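Participant: Starting off with a structure, shown below.
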Amino acid sequence: MKVGVPKEVKPGERRVALVPEAVKKLTGKGFDVVIERGAGKEANLTDSEYEEAGAALGTATDAWAADAVLKVAPPEPTESPRTGSLLIAFLSPLTNPELVKRLADARVTSFAMEAIPRTTRAQSMDALSSQAVVAGYRAALAGARELGKFFPMLTTAAGTVRPSRVLVLGAGVAGLQAIATARRLGAMVEAYDVRPAVKEEVQSLGAKFVEIEVKQEGDGSGSGEYAKEVSADVQRRQQELLAERVAAADVVITTAAVPGRPAPKLVSAEMVRAMRPGSVVVDLAAETGGNCELTAPGTVQVQDGVTIDATLNLPSQMPFHSSLLYANNVVNLLTHLAPEGELALDFDDEITAGAAVTHDGRIVSERVRDAVGAPA
Ligand code: NAD
């Protein structure tokens, strides 16, 4: 099977779907790999490193002509997957009906990285998690950079500096990494998540878990590992209790998300106004609308003296390591779908069935069909 990696064309996307190490893994398993010249440039990966790893270099057309195309961002309207090919990328299939239709019409077999089941078996392919680690780390660094204060306590001849206070809302993969990073920089960290199950993880990172007693039906902690959307009443109660913690924080990093839903609004405009001037809100949930009422996705703005950083696509700011982790996820999925080097799809397998979007001219995912309003 020939695998192609085009250079990402979406503005601001600096990641690449395969790094040289991942090319080596694939060629070792008998895959042929063609990389578009310059595909890794933004991630500081050179064409010669790809060649040394066993890839052939080519044009975008050569990469798109492969049997399987590996990408980070969904194809842009200018990019045309070849009829009958395999495509693996983040595809935003629930909110991108035109693309899904285009892929089905071109009989492309497509797999969406964001639809990989969040199970132990699929962990090595879980790109949402690998990229959330990068986003959480970068969010803590952004908070530290934009704050006019030190994170750590310092004792100097010129006086003692008290540590900054960081509040992390949402302690999933990104939130936990933000906590760990802020702690390493010496900040005092508190965190809150609607799932009380994360309390121990938060504490093991040296942060304090903010307890908010809202135990009633529909409290959002969900039946399993994942959060559900909370009711308006519970949200109001959470906000009252959180207001005090937000006002005391120098930096608030928000990462709260509910799969398939807009981000819950946890930080109101009033809460921002109660923060000290110079404080910072880093809203990692900006991709899905933001956790802060004042968030304008894709911008960094100052309101009432508080910086609200809603930069999108944080993983792209650290393209070397985000590409490395993403490439491992993609290679693990590809070798799952083609263990002997040729596609051997088993739609009874939960990973294959969970991540598949289109196959054989059809939209195979029921969730995607419902979301894009396509018939069964
Ligand atoms: P996510 O990005 O969907 O959400 C981030 C966090 O926001 C979650 O922890 C969620 O509980 C929290 N949240 C939602 N609504 C909230 C609210 N109103 N107030 C406060 N917090 C709120 O989640 P994620 O990081 O992708 O994954 C969540 C968890 O799932 C992880 O921490 C992990 O334990 C688990 N997980 C398991 C696997 C696996 O087993 N392979 C893989 C990935 C994640």
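Participant: For the Cα atoms of the chain, what angle does the longest principal axis make with the long axis of helix 173-184, in degrees from 0 to 90, nearest 10?
Facilitator: 50
Participant: Something else about it: Between MET271, MET153, MET318, which gets the highest mean-square fluctuation from a Gaussian network model of the chain, Cα cutoff 10 Å?
Facilitator: MET153
Participant: Given N residues in the chain, what is its alpha carbon radius of gyration divided by 2.2 N^0.38 Å?
Facilitator: In units of the 2.2 N^0.38 Å rule of thumb, it is 1.05.
Participant: A further question follows. With angles folded into 0 to 90 degrees, how steeply does helix 232-248 sit against the dominant principal axis of the chain? Use alpha carbons for both and round to 10.
Facilitator: Compared with the principal axis, the helix lies near 70 degrees.
Participant: What is the sum of charges around ALA327, taking Lys and Arg as +1, Asp and Glu as -1, for the other residues whose C-beta is under 12 Å from the C-beta of ALA327?
Facilitator: Net local charge, ALA327 excluded: +3.
Participant: For the chain, modelled as a GNM with alpha-carbon contacts under 10 angstrom, which of ALA106, ALA68, ALA17 fluctuates the most?
Facilitator: Highest fluctuation among the options: ALA106.
Participant: Between SER48 and LYS10, what is the label-point separation in nm under the 7 Å Cα-to-beta-carbon projection?
Facilitator: It is 3.2 nm.
Participant: Applying the Karplus parametrisation 6.51 cos²θ - 1.76 cosθ + 1.60 with θ = phi - 60° to the phi angles of the range 278-286, what ³J(HN,Hα) value in whole Hz is obtained for each residue in order, glycine and proline being reported as x?
Facilitator: x, 6, 9, 10, 10, 9, 6, 7, 4
Participant: Could you estimate the translational diffusion coefficient of the range 67-211 from the Stokes-Einstein equation, with Rh from the Kirkwood formula over C-alpha pairs, at 37 °C and 0.692 mPa s, in whole µm²/s?
Facilitator: 183
Participant: What lysines does LYS265 reach when the alpha-carbon gap must be under 23 Å and sequence neighbours fewer than 8 apart in one chain are set aside?
Facilitator: Partners found: LYS199, LYS208, LYS215, LYS228.
Participant: Using 0.36 nm per residue, how much length does the chain from GLU201 to ARG118 gain when fully extended, once their Cα-Cα distance is taken away?
Facilitator: Result: 28.1 nm gained on full extension.
Participant: Mind checking the full-extension length gain between ALA344 and ARG276? Use 0.36 nm per residue of separation minus the Cα-Cα distance, one decimal, nm.
Facilitator: Additional length available on full extension: 18.7 nm.
Participant: Could you please state, rounded to a whole Å, how far the C-alpha centre of the range 243-319 is from the C-alpha centre of the range 127-147?
Facilitator: The distance from the Cα centre of the range 243-319 to that of the range 127-147 comes to 13 Å.
Participant: With a/c under 1.5 counting as rounded, go ahead and sort the range 313-376 into rounded, prolate or oblate using the C-alpha gyration tensor (a ≥ b ≥ c being the square roots of the eigenvalues; past the cut-off, prolate if a/b is larger than b/c, else oblate).
Facilitator: oblate
Participant: Next question. Using modelled amide H (1.01 Å from N, peptide plane; none on Pro or chain starts), what sits under 5 Å from the amide H of VAL252, excluding residues fewer than 5 places away?
Facilitator: Under 5 Å from the amide H of VAL252 lie the amide H atoms of LEU167, VAL280, VAL281, VAL282, each far enough along the sequence or on another chain.
Participant: With +1 assigned to the C-beta of every Lys and Arg and -1 to the C-beta of every Asp and Glu, and no other charges, what is the dipole magnitude of the chain about the Cα centre in debye, to the nearest 20?
Facilitator: Magnitude of the dipole: close to 820 debye.
Participant: Amide H neighbours of ALA56 under 5 Å, at least 5 residues apart or on other chains, H built in the peptide plane: list them.
Facilitator: VAL33, VAL34, ILE35
Participant: Compute the orientation-averaged projected area for the range 52-97 from the convex hull of its Cα atoms and round it to one decimal in nm².
Facilitator: The number I arrive at for the range 52-97 is 4.0 nm².
Participant: Looking at the square roots a ≥ b ≥ c of the eigenvalues of the Cα gyration tensor of the range 92-152, which shape do they give, rounded for a/c under 1.5, prolate if a/b is larger than b/c, or oblate?
Facilitator: Oblate, since a/c reaches 1.5 and b/c is not below a/b.
Participant: Could you go through the range 115-122 in sequence order and give the Karplus-derived ³J(HN,Hα) for each residue, using 6.51 cos²θ - 1.76 cosθ + 1.60 with θ = phi - 60°, rounded to whole Hz, and x for Gly and Pro?
Facilitator: Values, residue by residue: 9, 4, x, 8, 10, 4, 4, 9 Hz.
Participant: Let me ask something else. Compute a Gaussian network model of the chain, connecting alpha carbons closer than 10 Å, and tell me which residue from VAL280, VAL34, VAL198 fluctuates the most.
Facilitator: With Cα springs under 10 Å in the chain, the top fluctuation among VAL280, VAL34, VAL198 is at VAL198.
Participant: Go through the range 13-20 residue by residue and turn each phi into a ³J(HN,Hα) via Karplus (6.51, -1.76, 1.60, θ = phi - 60°); whole Hz please, and just put x for glycine and proline.
Facilitator: Here the 3J(HN,Hα) series is 8, 9, 7, 9, 6, 10, 9, x Hz.
Participant: Check VAL357: other-chain or 5+ apart residues with amide H under 5 Å from its amide H, H built from backbone geometry?
Facilitator: SER110, PHE111, ALA112
Participant: What FRET efficiency do you get for GLU21 and GLU240 if R0 is 41 Å and r is their Cβ-Cβ distance, rounded to the nearest 0.05?
Facilitator: Plugging the Cβ-Cβ distance into 1/(1 + (r/R0)^6) gives 0.25.
Participant: For the range 273-362, what percent of Cα pairs sit more than 18 Å apart?
Facilitator: So the pairs more than 18 Å apart make up 64 percent of the total in the range 273-362.
Participant: With a/c under 1.5 counting as rounded, go ahead and sort the range 218-376 into rounded, prolate or oblate using the C-alpha gyration tensor (a ≥ b ≥ c being the square roots of the eigenvalues; past the cut-off, prolate if a/b is larger than b/c, else oblate).
Facilitator: Prolate.
Here, each number is a calculation from the coordinates, and none is a lab measurement. Note that the structure is predicted; figures quoted are calculated from it, not measured. All Cβ positions, even for glycine, are placed from backbone atoms using ideal geometry, and neighbour counts span all protein chains on display.
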